[in-house]
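*Asks:* Attaching a single structure in structure tokens format; questions to follow.
The values are calculated or read from the model by the stated rules, or taken from the named source; none is laboratory data. Predicted model, so just to flag it, every value in this text is computed and none were measured. Please note: Cβ atoms are built from the backbone with ideal geometry, for glycine as well, and neighbour counts cover all protein chains shown. Heads up: the accessible areas ignore ligands, DNA and RNA and are worked out on the full protein's heavy atoms, side chains in. Shrake-Rupley method; radii C 1.70, N 1.55, O 1.52, S 1.80 Å.
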Amino acid sequence: VVIENDACEHATVIQVDTVYRQGTLLEVVQVLTDLNLVITKAYMSSDGGWFMNVFHVTDDGGNKIRDEGILNCIEKALETDAYMVKSMGKMLLSKEHTLIELTGTDRPGLLSEVCAVLTDLSCNVVNAEVWTHNARAAAVIHITDQSTGTAIEDPRQLSLIKELLYNVLKGLGDYRTPTVSISSPGEIHIGRRLHQMMFAARDFERPVSVDDIRVRPYVTVSDCPDRNYTVVTARSVDRPKLLFDTVCTLTDMQYLVFHGTVNITDSDEAYQEYYIRHSDGLPMSSEAERQRVMECIQAAIERRASEAANGTNRDTGEREFKLHWVCNSDRMIVEMKIINEKSKYVLEMISSRTALAQFSTYCFSQAAPRILLCCSDTMFMVLSNLNTILNKLPYHIHQFLLLSSRAI
């Protein structure tokens, strides 16, 4: 690992040379992403079993990484396997938590109902991340028993949790079967797991609709017969973790990246190009396979972006939000990221049995569907101008948001 601050005017350059093996590129990109580094350029090349990766990175503010402590942390993480456990995007599960994974059809009020079921079953939500895309939803939720603060081990209680959550996800008239699983302790990278869950739920399949006028990522898949590669290119609006999402999807689809280029333009457009082969060493052989890869890459790019986002909304400055929360016995932290502005707000508030359910009931109710996940200014209004809407809310939510505003 070589890190240079003088090689580029605007970014820190990180070069990683290593023996080539399947998954190497994803591991390196995962480390950089989990360290909250912004990748502005990347070059990847393998030759004779050796892999060279060059990344131009900045911090969230677009500045070079000059802190020696952070630079040492980056070098250590890339040179050792320690990041496999300590990476911020990976959680080491223990007997303190129970992991629930959910996939199903998305609809207004779904998260509220899931939280209500867990609350009624005396479960504390310790950590959760929820993705929605193309009418599908996936969630990774860590819970504890409210009375003991530890993992739930009673088979009857676990069975009841699965049954009730399945009923919530099934809904009415849903032809796609939801999934509910409870995992044993182990290691999981939440971002990668959510990609896998959405892929398994086939969120890349999109019914043809004349009403869908969004500007989708432009993805092409073509042959490179003289080098026996398949070439995948993608153009989209840049956003955090974009490279990770693309490489993660290619890796999980059992493709090997032999060469690649990533470049972010001054207009915040991301261009990605990958020369790939299947894990059996062969390029793609059918038009159906090329079409599926194109759809899956589009889905991977879109999953972290808003369902309602389109080119017009971006131009008018509307914001895309993602929600993440962490709870313990007495505090609740809610983090709202504004994706296309690369900024975030964090609320810290007193936790209670009903706090999360009340919060999600307001945010995801029929009256205000997807208030956090849609591309609009609504959540920013909630954060910055609570007084204009408090009097219009039910009393218990009024008090809950009032407490949140004091934290802000």
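*Asks:* Could you tell me what percent of the accessible area of region 239-303 is made up of carbon and sulfur, with a 1.4 Å probe and every protein chain present? Please list the in-between numbers first.
*Replies:* Details: 1160 of 2460 Å².
The C+S portion of the solvent-accessible surface of region 239-303 is 47 percent.
*Asks:* So, one more: Assuming 0.36 nm per residue, please report the length gained on full extension of the stretch Tyr20 to Ile182 beyond their Cα-Cα distance.
*Replies:* On the way: separation 162, 0.36 × 162 = 58.32 nm, distance 3.48 nm.
Stretched fully, the Tyr20-Ile182 segment lengthens by 54.8 nm.
*Asks:* What does the convex hull of the Cα atoms come to per residue for region 1-153, in Å³?
*Replies:* Enclosed volume per residue, from the Cα hull, is 170 Å³.
*Asks:* Still on this structure: Taking 35 Å as R0, compute the FRET efficiency from the Cβ-Cβ separation of Asn167 and Ser147 and round it to 0.05.
*Replies:* Computed FRET efficiency for Asn167 and Ser147: 0.90.
*Asks:* Moving on to the next point. What Kirkwood hydrodynamic radius do you get for region 1-65 when you take the inverse of the mean 1/r over all pairs of distinct Cα atoms, in Å?
*Replies:* Numbers: mean 1/r = 0.0825 Å⁻¹.
Across region 1-65, the inverse of the average 1/r is 12.1 Å.
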